[in-house]
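**Student:** The structure follows.
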Amino acid sequence: MNGNSIGRRLILTSFGESHGKCIGTVLDGCPAGLELDEKDIQKMLDLRKPGQSLVSTQRKEGDVVEILTGTFRGYTTGAPITMIIWNKDQKSVAYEKLRTEMRPGHSDYPAYMKYKKFNDHRGGGRFSGRLTATHVMGGAIAKKLLEVTLGIKINSFTSQIGKIKMEKEFTDKMSKLIYKNEVRCPEEKTAKKMRESILNAKKKGDSLGGIIESITTNVPVGLGEPIFSSLESDLSKAIFSIPSVKGIEFGSGFRGSELFGSENNDLYAMKRGKIVTKTNNSGGILGGISNGMPITMRIAFKPASSIAQKQDTVDIKNKKDAILQVKGRHDPCVVPRAAPVVDSLVALTIADHALITGTIKPSL
């Protein structure tokens with residue numbers, strides 16, 4: 001597997017498997033002089049760890065991070081930062097049948113074929129959503145780096161579960177409400193409806209998908225390296241590393257394809273001596289370069305593929321049709337736990353580009 005690293009100046013390498021001894025991250029390129037300890041990372045990890053509510057998997061992992069290298073006396077040294085989490089609540093017996101019976105909608109079949117059945121299938125192995133904890137370890141550092149140096153704020157939240165959508169547009173005042181409920185929706189009434197719909201799907205042995213919206217503010221003008229390393233390109237690549245992501249749009253996105261240019265263009269204006277746009281249909285990025293307006297994204301997640309209902313599949317070993325009923329502990333909806341993961345990958349990408357342009361220096 002060669003695709004385990006992302007970034008050019010701030011490089012994150014992810015390692016480990018869902019049911020292996022540990023999972024971890026090496027973050028290389030973080031500037032020296034950033035105040036950092038485990039508490040900074042743990043705070044963000046706690047927002048995505050399993051077993052916290054009825055709308056997520058009941059696998060109970062503490063996800064306690066250990067920093068092994070890259071800090072000294074409470075500050076980053078500029079050396080690679082190595083972090084690990086020990087896996088403690090694996091129940092691999094539930095996956096024994098899945099060695100040869102392929103889960104519909106999962107990576108089981110293509111992984112089995114690509115790696116000649118040598119891949120670790122337990123809990124999805126390298127393809128498990130559990131590996132997003134490795135993104136969060138590095139992302140927590142990147143997020144703090146952006147806040148300290150540039151005052152950048154990132155807010156990702158659940159705006160839709162199934163067909164239930166937020167009624168109002170997100171505002172800065174709502175940012176404190178994102179983690180006040182299990183589904184990570186900053187609209188209380190809608191959050192209750194979302195929770196009910198997830199629990200109803202769970203009772204039926206089914207799952208639901210949804211949408212995470214992400215808004216990043218105080219981004220400086222000029223981040224992004226056209227053509228193939230545009231800010232949109234690199235954000236999209238990072239976001240698609242999250243299992244279950246099937247779509248992403250910036251600004252007006254697909255809705256913009258229905259508009260006239262006169263409706264979709266963002267008109268310029270002066271505001272307190274600063275150039276801004278009156279609308280933000282571009283989502284804060286033009287020509288692959290940040291324009292100083294908030295970066296806005298909507299990310300679509302498919303329903304989790306591991307469900308308790310009986311489904312048609314094949315027994316790949318005996319080359320015959322089979323009926324599969326997945327056992328084990330699985331998320332009826334992955335969306336609520338994805339909000340801090342999106343935050344992390346946005347932070348890693350923007351921090352990487354800020355280091356590339358010299359907006360953030362190699363030492364603070």
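The values are calculated or read from the model by the stated rules, or taken from the named source; none is laboratory data. Only a predicted model underlies this, so the values are computations on that prediction, with no experimental measurement involved. Cβ placement follows ideal geometry from the backbone for every residue including glycine, while neighbour counts extend to all protein chains displayed. We work out accessible area using only protein heavy atoms, side chains counted, and drop any ligands, DNA or RNA first. Shrake-Rupley method; radii C 1.70, N 1.55, O 1.52, S 1.80 Å.
**Student:** Does the stretch 306-347 classify as rounded, prolate or oblate by the C-alpha gyration tensor (a ≥ b ≥ c root eigenvalues; a/c under 1.5 gives rounded; else a/b over b/c gives prolate, otherwise oblate)?
**Tutor:** In terms of gyration-tensor shape, prolate.
**Student:** Out of residues 5 or more away from K165 or on other chains, whose amide H comes under 5 Å of its own, with H placed 1.01 Å from N in the peptide plane?
**Tutor:** none
**Student:** Say the dipole of the stretch 69-172 comes from +1 at the beta carbon of Lys and Arg and -1 at that of Asp and Glu; which of T158, T71, F118 then lies farthest toward its positive end?
**Tutor:** Value computed over the given set: F118.
**Student:** By the scheme Lys and Arg +1, Asp and Glu -1, what is the net charge of all other residues having a beta-carbon under 12 Å from that of I67?
**Tutor:** For residues surrounding I67, the net value is -3.
**Student:** I would also like to ask the following. Which of V64, V276, V183 moves the most in a Gaussian network model of the chain with Cα springs under 10 Å?
**Tutor:** V276
**Student:** Follow-up. Place the peptides 78-87, 341-350 in order of packing, highest mean first, counting for every residue the other Cβ atoms within 10 Å and averaging per peptide. Don't jump to the answer; show the numbers that get you there.
**Tutor:** On the way: 78-87: 19.5, 341-350: 28.2.
Ranking, from highest mean packing down: 341-350, 78-87.
**Student:** What whole-number volume per residue, in cubic angstrom, does the convex hull of the C-alpha atoms of the stretch 106-211 give? All intermediate terms of the calculation are to be shown ahead of the outcome.
**Tutor:** Numbers: hull volume 15.7 nm³, N = 106.
Residue-normalised Cα hull volume stands at 149 Å³.
**Student:** For V55, V334, V314, give me the order by solvent-accessible area with a 1.4 Å probe, most accessible first, ignoring ligands, DNA and RNA.
**Tutor:** Accessible-area ranking of V55, V334, V314, largest first: V314, V334, V55.
**Student:** Counting only the backbone N, which residues of the stretch 299-339 are under 17 Å from the spot 7 Å out from the Cα of Y109 toward its beta-carbon?
**Tutor:** 305-307, 310-326
**Student:** In the Gaussian network model of the chain, springs joining C-alpha atoms below 10 Å, which of F228, F170, F301 carries the largest mean-square fluctuation?
**Tutor:** The residue with the greatest mean-square fluctuation here is F228.
**Student:** Quick one: putting +1 on the C-beta of Lys and Arg, -1 on the C-beta of Asp and Glu, what dipole do you get for the stretch 205-364 around its Cα centre, in Debye to the nearest 20? Walk me through the intermediate numbers first.
**Tutor:** Numbers: 17 positive and 15 negative charges, 68 e Å.
That gives the stretch 205-364 a dipole magnitude of about 320 debye.
**Student:** Something else now. With a ≥ b ≥ c taken as the square roots of the eigenvalues of the C-alpha gyration tensor of the stretch 133-179, please select rounded if a/c is under 1.5 and otherwise prolate if a/b is larger than b/c or oblate if it is not? The partial results should precede the final answer.
**Tutor:** Values: a/c = 3.65, a/b = 1.64, b/c = 2.22.
Oblate is the answer for the stretch 133-179, as a/c is 1.5 or above yet b/c matches or exceeds a/b.
**Student:** To continue, here is another question. Between D37 and K271, what is 0.36 nm times their sequence separation minus the Cα-Cα distance? Round to one decimal in nm.
**Tutor:** That pair, D37 and K271, stretches by 80.3 nm at full extension.
**Student:** Quick check on the chain: helices-only [θ] at 222 nm, where DSSP H runs of length 4 and up contribute -39,500 (n - 2.57) each and the sum goes over total residues. Nearest 500, please.
**Tutor:** Calculated from helices alone, the mean residue ellipticity at 222 nm is -7500 deg cm²/dmol.
**Student:** Let me ask another. May I ask you to list the trypsin sites (Lys or Arg not before Pro) in the stretch 250-316 that are in a DSSP loop and have at most 11 other Cβ atoms within 10 Å of their Cβ?
**Tutor:** Passing both the DSSP loop test and the Cβ count: R272, K278.
**Student:** How many nm is it between the label spots at K204 and K116, if each spot is 7 Å from the Cα in line with the beta carbon?
**Tutor:** Each label point lies 7 Å from its Cα, and together they span 4.4 nm.
**Student:** Next question. Going 7 Å from the Cα of N4 toward and past its Cβ, which residues in the stretch 243-262 have a backbone nitrogen under 18 Å from where you end up?
**Tutor:** From the stretch 243-262, the list is 243.
**Student:** Students sometimes get this wrong: rank Y75, Y115, Y109 by accessible area, probe 1.4 Å, all chains present, largest first.
**Tutor:** Largest accessible area first, the list is Y109, Y75, Y115.
**Student:** Given (1) 18; (2) 21; (3) 44 as candidate values of percent of Cα pairs over 37 Å apart, which corresponds to the one derived from the coordinates?
**Tutor:** (2)
**Student:** Calculate how steeply helix 188-203 sits against the longest principal axis of the alpha-carbon atoms of the chain, using the helix alpha-carbon long axis, and give the answer as 0 to 90 degrees to the nearest 10.
**Tutor:** 20
**Student:** Work out, step by step, the length gained on full extension between K317 and S233: first 0.36 nm times the residue separation, then minus their alpha carbon distance; give nm to one decimal. List each step's numbers first, then the result.
**Tutor:** Details: separation 84, 0.36 × 84 = 30.24 nm, distance 3.95 nm.
Gain on stretching K317 to S233: 26.3 nm.
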